Amino acid sequence: MSLAQRFERRLEGLVGGAFARVFKGQVEPVEIGSALQREAVDKKNVMGNGQLMCPNRYRVTLASSDYERLEPWAQQLTNSLAELLQDYLDENHWTSIGDIEVYLARDDELHTGVFGVASR
């Protein structure tokens, strides 16, 4: 089972079918998870000892409507996204300094269905 599938099942366990109804045609958590993985790949650095180091803080910027839909589940969602990303790093034998943290932020200039990911 892929990381994305495990992530979807974890979310289903958290809030049941609510996610399926809420995210129809909008930004879906699995899309965010994939974007977080791409961000980790894009921002990884090779350290002096050959170890691959990735950022540990990730901000997901959402359009107002998407943010408002996700906000009731923000804590559960960001925890699950952080776990997904940590699993991804572990599977690739990459590391980060500190625990992985994921935050949601609103951007009133984004259109519904559009989001961004930034890390540090």
Going by average Cβ neighbours within 10 Å, how do the peptides 51-63, 103-115 rank, with the highest at the top? 51-63, 103-115
Quick check: residue separation of residue 106 and residue 79 times 0.36 nm, minus the Cα distance between them. What number comes out in nm? 7.9 nm
For the range 41-47, Karplus-derived ³J(HN,Hα) couplings (6.51, -1.76, 1.60; θ = phi - 60°; whole Hz; x for glycine and proline) come out as 5, 5, 9, 6, 10, 8, 7
Space enclosed by the convex hull of the alpha-carbon atoms of the range 27-120, per residue, Å³: 81
Estimated distance in nm for a label pair at residue 120 and residue 68, the labels positioned 7 Å out from Cα along Cα-to-Cβ: 2.9
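A short reminder: the numbers here are calculations on the coordinates, not readings from a lab. The shown structure was predicted, so the numbers you read here are calculated from the model rather than taken from an experiment. Note: ideal-geometry Cβ built from the backbone for every residue, glycine included; neighbour counts use all protein chains shown.
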